[in-house]
Each structure stands twice: as C-alpha cells, then as structure tokens.
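Worksheet for the structure shown next.
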Amino acid sequence: MQLKNDLLIRAAKGEAVERTPVWLMRQAGRILPEYRAVRESLSGFKELVETPELAAEVTIQPVDILDVDAAIIFSDILVVPEAMGCTYEMIEKRGPIFPNTVRNEQDLRKLRVADPHEHLHYVLDAIKITKKALNSRVPLIGFAGAPWTILAYMVEGSGSKTFSHARGMLYTNPKLAHQLLRMITDTTISYLQAQVEAGANLIQVFDSWAGILSPAHYREFALPYISEICNAIRNVPVTVFAKGAFFALEDFSKLNCETIGLDWNMEIDKARQQVGPNKTLQGNMDPCLLYSSFDSIQHETIKMLKEFGPHRHIANLGHGVYPDTDPEKVKCFVQTVKEYGTVVGEAKS
Ligand code: 1CP
C-alpha cells in the first residue's frame, strides 16, 4: 500500500521533498511515560521485545505523541547474538550482560548462523502487526547492529568504555574475529531481508562502536561486512550510522547505501564534501541540546537545517535521545523542523 507520508523514503532516495523529514534514534523508549507504563507491567525489557503486540504498541507511541515522520521497530541490536546462541540479560539501569562470552574457538563452535524465521520470528511478527496498525501513515524502519558492534558485545560480555577484550581480539586472534564476523554478517543479512519481507520500508545499520577502532582496523574488520550487508538489501533504502567514524566518511561514499548517519562530532560541510552529493545525510544534533530552553532548541535546530540545506537531509539527533529528556523538548525539535520546512517551501512557491 502507498505510504501517506513518504518523506523519509523520498529524502533517502534523493527525490524532491516539501520539507525535511524528522525522527529520533531511540524515540521509542524511556522518554515517554506511556512507554514506561507498558514496561512496568512486565517482567522486563526482554518480555516487551519478545511480545509482538506490545512491541508494536510502543513502536507507534512516538508517531502518535511526538508526531515524527517515521516509526522504528521496537527491538534491540542484541537480539542477533541471542539468536546465534549467545543470550543476554538486560539489567535495570546497568544495561546488557552476556553470561557466556565468545573469547576462543571453543566458544565460537557453540554458536550458529541464525534463521530469522525460526529464531527471530517475534521481531518479524512485531513488524507485521505494526505495519497493519500504522495503516501506511508513516514508513517503518527496520534495523540491526553492524557486525563489528555485535562482535564487541559478544566478546566483551557487556557494555564497556574501551571494549578492550573485543579490540584486543583484533590483534591477538584476527582469524577468530573474522570467523565470528562472518557468522554475524550471514545472520544479519537474512534477518534484515526477512524484516523487509515482513514490511520494513527502510533499513538502518547501527555501528555504535565504530569510533573506538583505528581507521586501519575499521577498514579490515568493519567496512567489508557493512558493504556486504548493503549489497544484500536492495528493495528498500539503507542507512549506515557509524558513531564516531568521521575517518571513514570517504569510504562510506562508496557503499551501496542511500543514507549516511552523522553524529555531532562531524562537521556538516566537511561530511558533505567527503560523502559526496549522491547520498543523503542523517543527523546530527547533540542530544544534549534537548536539555536547553525551547528558544535555544528552535535556534540551534534552524541553524542545523540551514547547514544541511533542504535536499538529501533527514533531521535527527547525532545519537539516541537520552532517557531523561522532557518529551516536550523533543516535540519542540520535531515541530521546528516541520515548520521551518513549510515556511521555506511557501516562500519558494
Ligand atoms: O529498560 C529499558 O527500557 C531498556 C532500555 C533500552 C531500550 C528502550 C535498551 C537497552 N534498548 C532499547 C531499545 C532499542 N535499542 C531500540 C528501539 C527503537 C528506537 O530507537 O526507538 C534501538 C534502535 C536500539 C538499538 C541499540 N541497542 C543500539 C544501537 C543504537 C545506539 O544507541 O547506539 C545499542 C548499542 C543497543 C544496546 C543496548 N540496549 C540497551 C542498552 C542500555 C544498550 C547499550 C548498552 C551499552 O551501554 O553498551
């Protein structure tokens, strides 16, 4: 069915848009009291992720409440290691813990390349239910973690400032790292293809820990696998968001994807030069702007929109919205993007 609001898809493909589309990474989640109400009635985060009807409900909340131009399926990048046999627990206020890490060949042998229809059916069901309930109002974004970021969690066993075990493996056992990346990539490709078949209108690949690698390691252990994923997803636009990977922007210009996500460390004009004219840029406001006054949010958001220009831009933050952000401030960011585009559009016509 034709989307009623397809601004995101048109902007991703570089087609003309009346105004810049806007959504927020991590828009479905703890910033909304409506989300917390659903979450508190359950045993934990995983129950929410694994119950398709509820995952669909919290996916749609930000579309209703924040008026964003896209929904992103409520799930987590960590469902992929889980499907491969490396289970995680989500500890309240601390984040994920993997009781069994992957540190040697013996650990690797316990893993499998997952079949999304068998091991991740709950995500595919959530996508189908969300699509039905959205009734084509806005596009639905599907996602997965990039292979390096997923390896980082599987080897480290939790979040970390340094990911020293994961990064260490690239020096001490690069062969094992490549074998694990191969299995993650194969799982991710069939998982993302299944998300598209289930109805996802755009795919975003999150390389959240790109910025901790040296450029040489990024080119050896991250880029080739991202490139394979981009080549394999061909019916919908693909966004690659590699947090902190300013050193790889020129490499990204060669990827078979439509959009590159920028974080707030990246300068917009330099990023545009490095990525070239044929890709859309997404981002890149510092999430901390949303702690400031309404006036300041409007001012900085307009400044950002002017810097990106009206074409080939999807407005977003430079990383996920922080959980203690006031939803009213998020609404201010969204409305500023929407009104700015409309004013500019009217002035032109
Ligand atoms: O109790 C809770 O509600 C847990 C908080 C939470 C939420 C709401 C986690 C734990 N994950 C999520 C949902 C989630 N995760 C989404 C939902 C859709 C949306 O964006 O609205 C998405 C896209 C993710 C992706 C994700 N999970 C990433 C990539 C994006 C990023 O922020 O860099 C990463 C790195 C994760 C791992 C993860 N999941 C949760 C936490 C606390 C973490 C980070 C752990 C760490 O410190 O390393």
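Here's a check for you: in segment 226-243, which residue that is touching a residue at least 60 places away in the same chain (Cβ under 8 Å) and within 16 Å of the ligand (Cβ to nearest atom) is surrounded by the most Cβ atoms within 10 Å (Cβ to Cβ)?
Going through the qualifying residues, I end up with Ala242.
When you look at Pro116, is it open to solvent by less than 20 Å² (accessible area, probe 1.4 Å), of a type outside the set (A, V, I, L, M), at pLDDT 95 or above and within 30 Å of Met169 (Cβ to Cβ), yes or no?
Yes.
Name the strands (runs of 3 or more DSSP E) wholly within segment 235-349 that hold at least 2 residues that are modelled with pLDDT of 95 or more and not hydrophobic (A, V, I, L, M, F, W, C)?
Passing ranges, in order: 259-261, 280-285, 313-317.
Look at Phe98 and say whether it is crowded, with 20+ Cβ neighbours inside 10 Å and within 28 Å of Arg219 (Cα to Cα).
no
Search segment 196-219 for residues that are farther than 19 Å from Leu317 by Cβ and pair each with any residue that is of a type in the set (Asp, Glu) and open to solvent by 10 Å² or more (accessible area, probe 1.4 Å) when their beta-carbon atoms are under 6 Å apart and the residues are at least 6 apart or on different chains.
Pairs that qualify, where the first residue is farther than 19 Å from Leu317 by Cβ and the partner is of a type in the set (Asp, Glu) and open to solvent by 10 Å² or more (accessible area, probe 1.4 Å): there are none.
Across segment 36-74, what is the total count of residues that are closer than 26 Å to Cys332 by Cα and outside any helix (DSSP H, G or I)?
9
Could you look through segment 1-57, keep only residues that are over 18 Å from the mean Cα position of the chain (by Cα) and of a type in the set (Val, Ile, Thr), and pick out the one that is nearest to Leu262 (Cα to Cα)?
In this case the residue turns out to be Thr20.
Inside segment 17-30, can you point out the residues that are open to solvent by 10 Å² or more (accessible area, probe 1.4 Å), modelled with pLDDT of 95 or more and of a type in the set (A, V, I, L, M, F, W, C)?
Selection gives Val17 alone.
State whether the residues of segment 300-321 include one that is open to solvent by 30 Å² or more (accessible area, probe 1.4 Å), of a type in the set (Phe, Trp, Tyr) and on the phi < 0 side of the Ramachandran plot.
no
List pairs: first residue in segment 131-151 and closer than 26 Å to Ile212 by Cα and open to solvent by less than 10 Å² (accessible area, probe 1.4 Å), second residue near the ligand (Cβ under 10 Å from one of its atoms) and among the charged types (D, E, K, R) anywhere in the structure, Cβ distance under 7 angstrom, at least six positions apart or on different chains.
Within 7 Å, the pairs are Ala146/Asp207; Trp148/Asp207; Thr149/Asp207.
Of Leu181, Leu192, Leu213, Leu176, which residue is in contact with a Pro (Cβ under 7 Å, 6 or more places away or on another chain) and hydrophobic (A, V, I, L, M, F, W, C)?
When all the criteria are applied, what remains is Leu181.
For residues that are in contact with a strand residue (DSSP E or B) (Cβ under 7 Å, 6 or more places away or on another chain) and within 13 Å of the ligand (Cβ to nearest atom), tally how many sit in segment 1-57.
Looking only at that region, the number is 8.
The values are calculated or read from the model by the stated rules, or taken from the named source; none is laboratory data. In this text the structure is predicted, and so the values were computed from the model without any measurement. Quick reminder, even Gly has a Cβ in these numbers, built from the backbone with ideal geometry, and neighbours come from all protein chains shown. Only protein heavy atoms, including side chains, enter the accessible area calculation; ligands, DNA and RNA are left aside. Shrake-Rupley method; radii C 1.70, N 1.55, O 1.52, S 1.80 Å.
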